[in-house]
1. What FRET efficiency do you get for LEU50 and VAL179 if R0 is 22 Å and r is their Cβ-Cβ distance, rounded to the nearest 0.05?
2. Helix-only mean residue ellipticity at 222 nm, the chain, DSSP H runs n ≥ 4 weighted -39,500 (n - 2.57), per residue, nearest 500. What is it?
3. Determine the sum of side-chain charges near ALA410: Lys and Arg each +1, Asp and Glu each -1, restricted to other residues whose C-beta is under 10 angstrom from that of ALA410.
4. Place a +1 charge on the Cβ of each Lys and Arg in the chain and a -1 charge on the Cβ of each Asp and Glu, then give the dipole magnitude about the Cα centre in debye, rounded to the nearest 20.
5. Neighbouring Cβ atoms within 10 Å as the yardstick, rank GLU409, GLU192 fewest first.
6. Dipole of the chain (Lys/Arg Cβ +1, Asp/Glu Cβ -1, origin at the Cα centre): which of PHE48, SER170, ILE182 lies farthest to the positive side?
7. I need PHE101, PHE334 ordered by Cβ neighbour count within 10 Å, fewest first.
8. Hey, if you put +1 on the Cβ of every Lys and Arg and -1 on every Asp and Glu Cβ in the chain, which of LEU216, CYS434, VAL72 ends up farthest toward the positive end of that dipole?
Amino acid sequence: MAREKWQSKLGFMLAAMGSAVGLGNIWRFSYVAGENGGGAFLLLYLAFVLLIGIPVLLSEFSIGRQAQSDVVGSYQKLAPKKPWFIQGYMGLICSFLILGFYSVVAGWSLYYFWNYLNTSFFNAPSGGYEAAFGTFITNPVSPLFWHGLFMVITILVVLTGVKDGIERASKIFMPTLAVLLIMLAAYSVTLEGALEGLKFLFQPNWSILEDPSVYLAALGQAFFSLSLGMGGMMTYGSYLSKDESLPSATVGIGLMDTFFAIIAGVVIFPAVFAFNISPESGPNLVFITLPGVFEQMPFGGIVGLVFFFLLCLAALSSSISILEVPVAYFMRKFGWSRTLSSAVLGSLMYLLGVAASLGMGRWSDVTLIGDRDIMGSMEFVASDVFLPLGGLIIALFVGWHWSKAEAFEATDMASAGPIRHIWRFLVKFVAPVCIAIIFLSSVGIL
Ligand code: TRP
């Protein structure tokens, strides 16, 4: 059977942007920025997106497009009998870890959407949103229901196939989400005490840069947000024909993704300070601040409804790109149908997510890595270890395994002028060295 293909370059762009823009920009960006002191973290994150993220993203796309295969198959095709395909297996493992916890948080978003739909969050529940959220996530049953519902929807989209399911879903909702976020940002900065929040986000506190874990957090966030280092973008690139040009698409996706994160920060941090919430509240940050904003706004209930609807869709267009990674592999490798692969793999990811979800309540005293709970440990291993490591391998592959001419050809940079040399320098030296230094210093070796 012929491999599927995107209908158009626009379809590819939208799907890749849909993958990049998701809970990572809104939920994860704000809580990680909050935990890492705000401004200085933001600068590091931006530097990593520009110097490492975008150049490596171009590399990841180009490997997939060149090979026209899945994460493992691409390396085996381009470099037979060489160990590069290990990155493919790492990507497969990583897809389970990431969708495992991602679907839990997406389930929380669905639950919020439902509570706006039935108007129960139009006004603060007795005890406030923070308490209501705490009661919900520690409940052993209901988060599993919403998480399961989200996973079922993800599976359904993936099993309808790449271009029908994935391409169409992204077209309308992304621009709507952008407009809504900008409106919310404009409202948020008028809150009493908003200035404190903007200062937190934009005024760097340089002393934070003495802590090596902040660099790792910013690097992990840059990779997570760009969907980079796992093979998701490689798989999406593999459905693109060779006659479409990659560099402009890559830069567009990178800038768009970053824009969403910054705007989300402008929505959330003023509210964090206006409502006296600690920026270090962790993964529940957006779920306890945003409802407060909506409650104060005129027509806030409706705005909340639309917001959580779009957030769920943004999460969906990301989750399908994660599930697509092992699905593409199992279809090729074991000849499974798309339906079977999506259903089986999606269900396994759900089970992994159950552990993450129970870790919020019943199993909350279980810590795996350091003092991190189950979800925190999955997030850490996946985003701060596997993704940068995957990115390192991708950069080495394109920078060192490929010759200059091969690399330029595969990325459509052959006639790109001096910028291509800068790109290659970043991929060949800057990205690997930075990633290596950040790893070594965060485990205390440097
Ligand atoms: N980038 C997405 C977000 O910000 C999540 C995501 C989708 C992802 N595909 C990925 C993260 C692949 C890492 C790897 O929500």
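Rule-based calculations on the coordinates, nothing more; no lab input. Everything numeric here is computed off the predicted structure, so don't read it as measured data. Every residue, glycine among them, receives a Cβ derived from its backbone with ideal geometry; neighbour counts consider all protein chains shown.
1. With a Förster radius of 22 Å, E is 0.30.
2. Result for the chain: -22000 deg cm²/dmol, rounded to the nearest 500.
3. Details: positive: ARG65, LYS242; negative: GLU406, GLU409, ASP412.
Charge balance in the 10 Å sphere: -1.
4. 1480
5. GLU192, GLU409
6. The Cα lying farthest towards the positive end belongs to SER170.
7. PHE334, PHE101
8. Selected residue: VAL72.
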